[in-house]
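Heads up: the structure comes next, in structure tokens.
The values are calculated or read from the model by the stated rules, or taken from the named source; none is laboratory data. Since this is a predicted model, take the numbers as computed values, not measurements. Please note: Cβ atoms are built from the backbone with ideal geometry, for glycine as well, and neighbour counts cover all protein chains shown.
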Amino acid sequence: MTFDLIIAGGTFPDGTRADIGITGAKITAVAPHLDAEAGQRIDATGCLVAPPFVDAHFHMDATLSYGQPRINASGTLLEGIALWGELKPQLTHDAVVERALAYCDWAVAMGLLAIRSHVDICDDRLLAVDALLDVKKRVAPYLDLQLVAFPQDGYLRSPTAAANLARALDRGVDIVGGIPHFERTMEEGRRSVELLVRLAADRGLAVDMHCDETDDPLSRHIETLAAETRRHGLQGRVAGSHLTSMHSMDNYYVSKLLPLIAEAGVAAIANPLINITLQGRHDTYPKRRGLTRVRELLDAGVTVGFGQDCVLDPWYALGTADMLDVAFMGLHVAPMTSPDDMRRCFDMVTSEPAKIMGLQGYGLEPGCVASLVVLEAGDKIEAIRLRATRLVVVSKGRVVARTPPRRTALGLSHRPMSVDRRFPTA
């Protein structure tokens, strides 16, 4: 048998070692040793070979816009939203596309090959929607991009949001979003959840809702989201993103809430870098961390993913598209420091968000899409500890990025040295 590419001798996330044979865009063989011809052979001995990183929560319309038109002086969520409102009228199609494609270059080089991005629909022009639909087509040969119709200014609070969200879905946006805690009242927040989940059910779409991204323990829209998910039979197709109010809720209420979320099949997406930065801003001391109850959600049987959320935008001044940075922060803030928990943090930037996004053919088994990353680490824990170099990134059967090893120079920058990321221009 002849393969186009063999990844030889790598260690899989479960600790097994095997060769991977790739033909076209598919993994066609996995065996302890593939003694076969190949157009290209990559020696991965001593390295971790993993499926690609996955980010189930991002804002690509805003990424790389840091400093435009000004910097978020307070560092708060609400000033970030206000700042984004100032920037929206200044957006151009070409600028949004250019920034998004630049970020996708970073992502591919970091082995991040699937992203779910929320896109603001509260601009009546739907400029960002059209721009990211353009980007989605351009990057499709290398990167899977899902788009969420996100009413940043509130589905009921913004006068044209309902019509704009429907228009965005008509244009091809994949998923229904929402932000109930930003509505004018708790009642309007509850109502927005009901309307949006019904809309998704009527259209046969999934839901991914910014939910309770606040320090207010009385913000309990996740309860409504779980109830409406069951009412409309959307189990397994709904995610609640952020859920930060849960860190301020009393334990008795949470003991009731967690089973409701699990029974409804609602997934949770925490964003450690951004949650630890934006939450607790009104506290003196003790100061709350802001991250939702990751361990408790996992123990209740809820699927949990970690998201990047923001990179160089009105809400966050840092970031590099490195999901191992996200796992590293999540590990500390959760905190999840036992060996098993640290391995779970790796899963929360790979296999778990892949489940949330419903990615088909994700994994390292024969028949899976031939997308993977060769990491300069021996196992999951070392990968997080070192934020390991992506020695080789393979996307749909093609080597798209290489980075020289850095074991002898761990203090140096590990930005990719070469990236093959020629996206189609049309």
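For this structure, a couple of remarks:
- Filter result for S245 (surrounded by 23 or more Cβ atoms within 10 Å (Cβ to Cβ), among the hydroxyl-bearing types (S, T, Y) and out of contact with any Cys (no Cβ under 6 Å at 6 or more places or on another chain)): yes
- Among strands (runs of 3 or more DSSP E) entirely within the range 7-63, having at least 2 residues that are within 22 Å of the chain's Cα centre (by Cα) singles out 48-50, 53-58.
- Residue check, L143 under 17 Å from the mean Cα position of the chain (by Cα), surrounded by fewer than 24 Cβ atoms within 10 Å (Cβ to Cβ) and of a type in the set (A, V, I, L, M): no
- Restricting attention to the range 13-24, the residues being within 18 Å of V369 (Cα to Cα) and surrounded by fewer than 16 Cβ atoms within 10 Å (Cβ to Cβ) number 1.
- Residue list for the range 279-295, filter: in a helix (DSSP H, G or I) and either modelled with pLDDT under 95 or surrounded by fewer than 17 Cβ atoms within 10 Å (Cβ to Cβ) (or both): R295
- Just one of the numbered conditions (1) within 27 Å of L199 (Cβ to Cβ); (2) surrounded by 20 or more Cβ atoms within 10 Å (Cβ to Cβ); (3) not acidic (D, E) is not true of L113: (1).
- Checked against the criterion of being without any contact (Cβ under 8 Å) to a residue 40 or more places away in the chain and either hydrophobic (A, V, I, L, M, F, W, C) or within 19 Å of S351 (Cα to Cα) (or both), the range 35-45 contains one or more residues that satisfy it.
- Of all the listed residues (D120, D105, D43, D124), the sole one being within 21 Å of R387 (Cβ to Cβ) and charged (D, E, K, R) is D105.
- Qualifying residues in the range 124-140 (those that are surrounded by fewer than 18 Cβ atoms within 10 Å (Cβ to Cβ) and not hydrophobic (A, V, I, L, M, F, W, C)) - the one nearest to Y362 (Cα to Cα): K137
- Applying the set (1) in contact with a strand residue (DSSP E or B) (Cβ under 8 Å, 6 or more places away or on another chain); (2) assigned to a loop (DSSP other than H, G, I, E, B); (3) closer than 19 Å to A107 by Cα to L364 leaves exactly one unmet item: (3).
- Residue, surrounded by the most Cβ atoms within 10 Å (Cβ to Cβ), within the range 248-278, restricted to residues that are free of Cβ contacts under 8 Å to residues at least 40 places away in the same chain and in contact with an Asp or Glu (Cβ under 8 Å, 6 or more places away or on another chain): L257
- Considering residues of the range 52-71 that are of a type in the set (D, E, K, R) and over 14 Å from F306 (Cα atoms) only, the residue modelled with the highest pLDDT: D61
- Just one of the numbered conditions (1) within 23 Å of D379 (Cα to Cα); (2) exposed (fewer than 15 other Cβ atoms within 10 Å of the Cβ) is not true of L48: (2).
- Within the span defined as the range 273-281, every residue fails to be hydroxyl-bearing (S, T, Y), over 22 Å from P259 (Cα atoms) and touching a Pro at 6+ places or on another chain (Cβ under 7 Å).
- The range 65-105: number of residues that are surrounded by fewer than 20 Cβ atoms within 10 Å (Cβ to Cβ), part of a loop (DSSP other than H, G, I, E, B) and either touching a residue at least 40 places away in the same chain (Cβ under 8 Å) or not assigned by TED's automatic domain parsing to the domain that holds L312 (or both): 5
- Boolean, A226 is closer than 18 Å to L260 by Cα and either touching a strand residue (DSSP E or B) at 6+ places or on another chain (Cβ under 8 Å) or assigned by TED's automatic domain parsing to the domain that holds T76 (or both): yes
Conditions (1) surrounded by fewer than 18 Cβ atoms within 10 Å (Cβ to Cβ); (2) among the charged types (D, E, K, R); (3) in a loop (DSSP other than H, G, I, E, B), marked per residue:
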position: L297; (1), (2), (3): no, no, no
position: G305; (1), (2), (3): no, no, no
position: L324; (1), (2), (3): no, no, no
position: M329; (1), (2), (3): no, no, no
position: D340; (1), (2), (3): yes, yes, no
position: Q360; (1), (2), (3): yes, no, yes
position: V373; (1), (2), (3): no, no, no
position: G378; (1), (2), (3): yes, no, yes
position: A383; (1), (2), (3): no, no, no
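- Qualifying residue in the range 151-168 (condition: assigned by TED's automatic domain parsing to the domain that holds M323 and in contact (Cβ under 8 Å) with a residue 60 or more places away in the chain): yes
- Pairs where the first residue, in the range 224-245, is touching a residue at least 40 places away in the same chain (Cβ under 8 Å) and the second is surrounded by fewer than 24 Cβ atoms within 10 Å (Cβ to Cβ) and in a helix (DSSP H, G or I), C-beta under 6 Å, 6+ apart: T224/R190; A226/L260; A226/A264
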